[in-house]
Amino acid sequence: MKMKIHKLQIARRLVQIAVVLLLLALPVNARYANYVAANEIDRHLERWEGSLQGNVLTLFDRAYRALPGGEKERVGEMVRDDEGVLHNTQAFRGGPWSAEIAHVSMSDPLAAVESMVARKHVAKVVVISLIVPLIATLLLGRVFCSWICPVGFLLELTDKLRGAVAFLEIHPRNVRFSRGTKYALLGGGLATAALFSVPVLGYIYPPAIASREAHDFVFGVFDRAEAGQFGLWFGGLTWMSLIIAAIALFEVVLSRRWWCRYVCPGGGLYSLLGATRPIRVKLLEPKCTHCGDCVVACPMGLNPMLDRMGVECDSCGACISSCDDKALAYGLWRTRKRATEEVTPSGTLIAK
């Protein structure tokens, strides 16, 4: 099978990398804001000059000072405007679990639903934070899993490692489980939250774990700098990181994309919310030669060749990239005959 890099695949990788960088940048942003508020930023920049922490803080300081309101004139020179800088830092907070980007609040639907179920109260602020994620999910389906989720990106990389292991003639197993497991876990978690008024799924949901671990890692690095110890340090991570590591190891050795296919309660919720999505991967049957390349390429274990994807498809586009016949493309779902459908040069499926 010869894989081609689709333009949308390139865009997806860039988005995934940007999310990982943002996941690390948000706690740095919080630490920078703390130093500015405490009037300690200049002291730290001077003391930590040339170190990793100092270089990162310098980068953030220059970026915020370049924004409108970031500087003011004093005695004939431009200096940092602490009030303006602090205002701008408030536009970027949180992580993939719950974040505020450019003053737009967004929450993972699982976080919002579990919070409302546990509190038995629908808060206006939570509903507002759901607007953007819900619109995206209702239109595109489970795209959070393949475009945004940082752990999904990590598990895609472990899938490549699984392929490398197979290349070395070490054949990993591929145990299959019921796809209903994630829906059972979702229902059980929400029922537990309702019964005990405690949101439990957030403790095992990888994006939530990744957000907390990124925060602890970054804060641990800066705490060491304040103690005169510099460089990277992974001691700030907690045992929760072992959950993600265990999932990755399990997938490499025993079951390809086990978590995303069978277990993830967030993926289950996204699948249900996006069940009637209008934009999805479509099969142009007259062009299909039934080579099976798309079936092999699909990380979710679905069958694009027979147009059997349903709610589980996360629109990652791997099947499109693998199809030399251009029989698969992103397009609007319409109840029209496939014979009247065409693929544009850009790879989009349209109905004539």
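The values are calculated or read from the model by the stated rules, or taken from the named source; none is laboratory data. Values in this document were obtained by computation on a predicted structure and should not be read as measured data. Note that each Cβ is placed from the backbone with ideal geometry, even for glycine, and that neighbours are counted across all protein chains shown.
Does region 40-50 include one or more residues that are within 26 Å of the chain's Cα centre (by Cα) and either in contact (Cβ under 8 Å) with a residue 24 or more places away in the chain or in a loop (DSSP other than H, G, I, E, B) (or both)? Lay out the reasoning, then the answer.
Taking region 40-50 and keeping what is within 26 Å of the chain's Cα centre (by Cα), we get none.
Taking every residue of region 40-50 in turn, none turns out to be within 26 Å of the chain's Cα centre (by Cα) and either in contact (Cβ under 8 Å) with a residue 24 or more places away in the chain or in a loop (DSSP other than H, G, I, E, B) (or both).
Please go through region 129-140 and pick out each residue that is under 13 Å from Ala111 (Cα atoms) and surrounded by fewer than 19 Cβ atoms within 10 Å (Cβ to Cβ). Working first, answer last.
Our first condition is that a residue be under 13 Å from Ala111 (Cα atoms); within region 129-140, this holds for 129-130, 133-134.
Leu134 - this is the single residue of region 129-140 that is under 13 Å from Ala111 (Cα atoms) and surrounded by fewer than 19 Cβ atoms within 10 Å (Cβ to Cβ).
This table checks each residue for (1) touching a residue at least 40 places away in the same chain (Cβ under 8 Å); (2) over 23 Å from Pro133 (Cα atoms); (3) crowded, with 20+ Cβ neighbours inside 10 Å.
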{"residue": "Ser241", "(1), (2), (3)": "no, yes, no"}
{"residue": "Leu254", "(1), (2), (3)": "yes, yes, no"}
{"residue": "Leu283", "(1), (2), (3)": "yes, yes, yes"}
{"residue": "Cys294", "(1), (2), (3)": "no, yes, yes"}
{"residue": "Met300", "(1), (2), (3)": "yes, no, yes"}
{"residue": "Met305", "(1), (2), (3)": "no, yes, yes"}
{"residue": "Gly310", "(1), (2), (3)": "no, no, no"}
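Right, Val221: among the β-branched types (Val, Ile, Thr), at pLDDT below 95, within 18 Å of the chain's Cα centre (by Cα) and within 30 Å of Thr58 (Cα to Cα) or not? If you could, list the steps in order and put the result at the bottom.
Working: among the β-branched types (Val, Ile, Thr): yes; at pLDDT below 95: yes; within 18 Å of the chain's Cα centre (by Cα): no; within 30 Å of Thr58 (Cα to Cα): yes.
No: the conditions fail for Val221.
For Arg80, state whether it is touching a residue at least 60 places away in the same chain (Cβ under 8 Å), charged (D, E, K, R) and either over 21 Å from Gly220 (Cβ atoms) or buried (at least 17 other Cβ atoms within 10 Å of the Cβ) (or both). Working first, answer last.
Numbers: touching a residue at least 60 places away in the same chain (Cβ under 8 Å): no; charged (D, E, K, R): yes; either over 21 Å from Gly220 (Cβ atoms) or buried (at least 17 other Cβ atoms within 10 Å of the Cβ) (or both): yes.
The answer is no for Arg80.
What residue, of Ala193, Ala214, Ala208, is surrounded by 20 or more Cβ atoms within 10 Å (Cβ to Cβ) and in contact with a Phe, Trp or Tyr (Cβ under 7 Å, 6 or more places away or on another chain)? Talk me through it step by step, then tell me what you get.
On the way: Ala193 fails: in contact with a Phe, Trp or Tyr (Cβ under 7 Å, 6 or more places away or on another chain); Ala214 fails: in contact with a Phe, Trp or Tyr (Cβ under 7 Å, 6 or more places away or on another chain).
Only one candidate passes the filter, namely Ala208.
Scan (1) under 29 Å from the mean Cα position of the chain (by Cα); (2) under 23 Å from Leu26 (Cα atoms) for the single condition Leu140 breaks and write down its number.
Of (1) under 29 Å from the mean Cα position of the chain (by Cα); (2) under 23 Å from Leu26 (Cα atoms), only one is false for Leu140: (2).
Applying the selection to region 25-34, what residues are buried (at least 16 other Cβ atoms within 10 Å of the Cβ) and either free of Cβ contacts under 8 Å to residues at least 12 places away in the same chain or out of contact with any Ser or Thr (no Cβ under 7 Å at 6 or more places or on another chain) (or both)? Walk me through how you get there before you give the answer.
Narrowing region 25-34 to residues buried (at least 16 other Cβ atoms within 10 Å of the Cβ): 25-33.
Of everything in region 25-34, those that are buried (at least 16 other Cβ atoms within 10 Å of the Cβ) and either free of Cβ contacts under 8 Å to residues at least 12 places away in the same chain or out of contact with any Ser or Thr (no Cβ under 7 Å at 6 or more places or on another chain) (or both) turn out to be Ala25, Leu26, Pro27, Val28, Ala30, Arg31.
Test each condition in (1) free of Cβ contacts under 8 Å to residues at least 24 places away in the same chain; (2) aliphatic (A, V, I, L, M); (3) within 27 Å of Arg280 (Cβ to Cβ) for Val125 and report the one that comes out false.
Of (1) free of Cβ contacts under 8 Å to residues at least 24 places away in the same chain; (2) aliphatic (A, V, I, L, M); (3) within 27 Å of Arg280 (Cβ to Cβ), only one is false for Val125: (3).
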